[in-house]
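To start, I am sharing the structure in question, which I have written as structure tokens.
The values are calculated or read from the model by the stated rules, or taken from the named source; none is laboratory data. Predicted model only: the values in this text are computed from it and were never measured. Every residue, glycine as well, gets a Cβ built from its backbone with ideal geometry; the counts of neighbours run over all protein chains shown.
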Amino acid sequence: MLLRPLGVSDEKQALQAHEELAQDGFDFLLGLEQGAPWSAYCGRLESQRLGVDLPEGWVPATFLVAEAEGQIVGRVSIRHALNAYLAEVGGHIGYGVRPGFRRRGYATAILGQSLAVASSIGLERVLVTCDDDNVGSANVIQNCGGVLENVVAGRDGSVPKRRYWVEIGA
């Protein structure tokens, strides 16, 4: 499995993944604007990585897709810093795996490789969160070195969030 930037040629698969994960209430493509050109979306992701022209409340972040055997199997957003929301429930790293590719080890591979990316941008310790009832994700985070700090109430009546810290060194 390879983590790589989203490209112009990924439009069809990425939009399909976005639609699939929307069924779970998960945004595969963060900040996607319906009807906007795909190339503009890819450009915005690069600007976000560089911290240029960020929407209010957003932080610089590296967005990568996970590819295996020519298929986009998941994605990750590695936030370079935490704002108040991310420090409470969002974390430094947010990842997702398409339903048809779950239970194959991709989430662990995505998070493991994401920790190396986080280290390369200077992070020494990262916060990774998951829904309190998401046993699979909790196991992935723990398998990648996550130590549970606490469980906090979800926002607006959503499911409580488990907050894990992973020491990675820079």
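Criterion first (within 30 Å of G122 (Cβ to Cβ) and in contact with an Asp or Glu (Cβ under 6 Å, 6 or more places away or on another chain)) does S47 satisfy it?
Judged against the criteria, S47 is a match.
Has the range 138-150 got any residue that is in a strand (DSSP E or B), of a type outside the set (S, T, Y), at negative phi and touching a helix residue (DSSP H, G or I) at 6+ places or on another chain (Cβ under 7 Å)?
No, that holds for no residue.
Of everything in the range 134-161, what is under 22 Å from E124 (Cβ atoms), over 17 Å from the mean Cα position of the chain (by Cα) and of a type in the set (A, V, I, L, M, F, W, C)? Give them in sequence order.
The answer is V147, L148.
With respect to I121, determine if the residue is over 15 Å from the mean Cα position of the chain (by Cα), under 22 Å from L2 (Cβ atoms) and among the aliphatic types (A, V, I, L, M).
So I121 fits the description; yes.
Here's a follow-up. List the pairs whose first member sits in the range 144-170 and is surrounded by 12 or more Cβ atoms within 10 Å (Cβ to Cβ), whose second member is among the aromatic types (F, W, Y), and whose Cβ atoms are under 8 Å apart, counting only residues at least 6 apart or on separate chains?
Close Cβ pairs satisfying both conditions: G146/Y164; G146/W165; L148/Y164; E149/Y164; E149/W165.
Is it the case that V73 is modelled with pLDDT of 95 or more and among the β-branched types (V, I, T)?
Working: modelled with pLDDT of 95 or more: yes; among the β-branched types (V, I, T): yes.
The answer is yes for V73.
Of all residues in the range 85-124, how many are in a loop (DSSP other than H, G, I, E, B) and under 26 Å from E69 (Cβ atoms)?
5
Another one. Being under 21 Å from R162 (Cβ atoms), in contact with a Lys or Arg (Cβ under 8 Å, 6 or more places away or on another chain) and crowded, with 16+ Cβ neighbours inside 10 Å narrows it down to one residue among G112, G94; which is it?
G94
Looking at the range 33-53, which of the residues that are touching a helix residue (DSSP H, G or I) at 6+ places or on another chain (Cβ under 8 Å) and surrounded by fewer than 15 Cβ atoms within 10 Å (Cβ to Cβ) is modelled with the highest pLDDT? Before the answer, list the steps.
Here is the first cut: in the range 33-53, the ones touching a helix residue (DSSP H, G or I) at 6+ places or on another chain (Cβ under 8 Å) are 33, 38-39, 42, 53.
Okay, now just the ones that are also surrounded by fewer than 15 Cβ atoms within 10 Å (Cβ to Cβ), so 33, 39, 53.
On the way: E33: 90, S39: 95, D53: 91.
Per the criteria, the residue is S39.
Just wondering, is there one or more residues in the range 69-78 that are surrounded by fewer than 16 Cβ atoms within 10 Å (Cβ to Cβ), under 19 Å from E46 (Cα atoms) and of a type outside the set (S, T, Y)?
no
Which of the residues spanning the range 2-28 are surrounded by 14 or more Cβ atoms within 10 Å (Cβ to Cβ), over 22 Å from T108 (Cβ atoms) and free of Cβ contacts under 8 Å to residues at least 40 places away in the same chain?
E11, L15, H18
In the range 125-137, what residues are part of a strand (DSSP E or B) and within 24 Å of E67 (Cβ to Cβ)?
V126, V128, C130
For I141, state whether it is closer than 22 Å to L32 by Cα, of a type outside the set (K, R) and either buried (at least 21 other Cβ atoms within 10 Å of the Cβ) or in contact with a Cys (Cβ under 9 Å, 6 or more places away or on another chain) (or both).
no
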